[in-house]
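The values are calculated or read from the model by the stated rules, or taken from the named source; none is laboratory data. Keep in mind that what you see is a predicted model, and the values were worked out from it rather than measured. For neighbour counting, all protein chains shown are included, and Cβ atoms are generated from backbone atoms with ideal geometry for every residue, glycine included.
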Amino acid sequence: MICVETIGKIRRWHRVDKLSISKIAKRLSASRNTIAKYLDGEVTQPRYKQRPKRAPVMGAWVGKLEAMLAADALRPRKEQRTAQRLLDGLLQEGFSGSYPTVQRFVKAWHEERRHGSGAVFSPQSFAPGEAYQFDWSYEMVDLGGRPTPVKVAHLRLCHSRVFLAVAYLREAQEMVFDAHDRAFAFFKGACGRGIYDNMKTAVETICVGKERIYNRRFLQMCSHYLVDPVACTPASGWEKGQVENHLLRLARIGAGDKHPAVAET
C-alpha cells in the first residue's frame, strides 16, 4: 500500500535521482500507472481512504525497555534477562502489550547491536545542497515595551553555514511549515536532506535505532519540497552539531545586538 512516506521517496527518486517510472515501479512492485499518478502535479498523499490504524503498543515504553536492555548488556550473559522476564518487569509498571511484541523488539535491538560497528556520528562535512539542520530556541524580546518570550526557528545550511531565524509567539506545526517556506525562499531552493531532533511536531513514535514514525502532515511537507527527513538519536546533539553550536553562540550575544538574516512574524 502506498503511504505518505513512500510518495516522498517516489518523488525524490524521480526528480532528484532521475529514475524512470518503470524502474520505480519495479523497485516498489507497483504498477506504472500508480507511480505516474503520484508524480502528476503536487500529489503528496494517497487518494484512497485508509483504515484506522492501531497505535504502536510499545509507544512510550520504548525508552524504558531500551534502558533495561542496555543495563543487561553490562552484566554477565547468565545474568541477562530473557524477553519473558523483561515483559514481567514492564507488566508490573502498567505495560499492556503482549510477549510477541516485546520479543520482536528485543530481537531487533540485539540484531542492531550485533551488526553495528560502534558509535555512529553524522559527518560534519557536507556537499552543497546536501543537507540542512533545524532546531528551536527560546528568546526574550521587547514588544511594545514589554518583555515577551518568543520561539525562534533556525534553519542552517550544512555546507555554506548560511542560516535563517524566524521568530514566532508559538511553537506549533504551522510555524514549522512557515519557517521552512520562508527559509527555502530565502535560500532559493531546498536541500536533499533535513536533519531534526525528535520534536513532537515531526516525530510521532521513536522506534528501534534510526526508525521513526513521522507525523503525516510533516511528511507531506517534506514530500512537497523533495526533502528526506532524518531524526537524530535521542540525547545525541552532535548529530546536528552545527545548529546546536549556532544556538550556543547566539545565546552569548547581548540582547541589544542584531542577528543577521532574521525574519520576524
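Overview of values
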| item | result |
| --- | --- |
| Checklist (1) in contact (Cβ under 8 Å) with a residue 40 or more places away in the chain; (2) out of contact with any helix residue (DSSP H, G or I) (no Cβ under 7 Å at 6 or more places or on another chain); (3) not in a loop (DSSP other than H, G, I, E, B) applied to Arg156, failing item | (2) |
| Among the residues listed as Phe186, Phe126, the single one being among the aromatic types (Phe, Trp, Tyr), assigned by TED's automatic domain parsing to the domain that holds Glu211 and either surrounded by fewer than 15 Cβ atoms within 10 Å (Cβ to Cβ) or within 21 Å of Leu226 (Cα to Cα) (or both) | Phe186 |
| Any hit, region 194-208, residues being buried (at least 19 other Cβ atoms within 10 Å of the Cβ), out of contact with any Lys or Arg (no Cβ under 9 Å at 6 or more places or on another chain) and either at pLDDT 90 or above or farther than 23 Å from Pro128 by Cβ (or both) | yes |
| Flag for Thr201 being closer than 30 Å to Val102 by Cβ and assigned to a strand (DSSP E or B) | no |
| Per-region count, region 53-94, residues within 22 Å of Val203 (Cα to Cα), touching a residue at least 24 places away in the same chain (Cβ under 8 Å) and either of a type in the set (Phe, Trp, Tyr) or assigned to a helix (DSSP H, G or I) (or both) | 7 |
| Conditions (1) modelled with pLDDT of 85 or more; (2) loosely packed, with under 10 Cβ neighbours inside 10 Å; (3) not charged (D, E, K, R): number failed by Tyr48 | (1) |
| Test: residue in region 32-45 that is part of a loop (DSSP other than H, G, I, E, B), outside the structural domain of Ala202 (by TED's automatic domain parsing), modelled with pLDDT of 80 or more and hydroxyl-bearing (Ser, Thr, Tyr) | no |
| Every pair of residues 6+ apart whose Cβ atoms lie under 9 Å, when the first sits in region 201-213 and is without any contact (Cβ under 8 Å) to a residue 24 or more places away in the chain while the second is among the hydroxyl-bearing types (Ser, Thr, Tyr) and part of a loop (DSSP other than H, G, I, E, B) | Lys210/Thr233 |
| Long-range neighbours under 6 Å by Cβ, at least six apart or interchain, first residue not aliphatic (A, V, I, L, M) within region 1-24, second not in a helix (DSSP H, G or I) | Arg11/Leu226; Arg12/Leu226; Trp13/Leu19; Arg15/Leu226 |
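Yes/no per residue for (1) loosely packed, with under 13 Cβ neighbours inside 10 Å; (2) modelled with pLDDT under 90; (3) small (Gly, Ala, Ser):
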| site | (1), (2), (3) |
| --- | --- |
| Phe95 | no, yes, no |
| Thr101 | no, yes, no |
| Arg104 | no, yes, no |
| Lys107 | yes, yes, no |
| Ser117 | yes, yes, yes |
| Pro149 | yes, no, no |
| His154 | no, no, no |
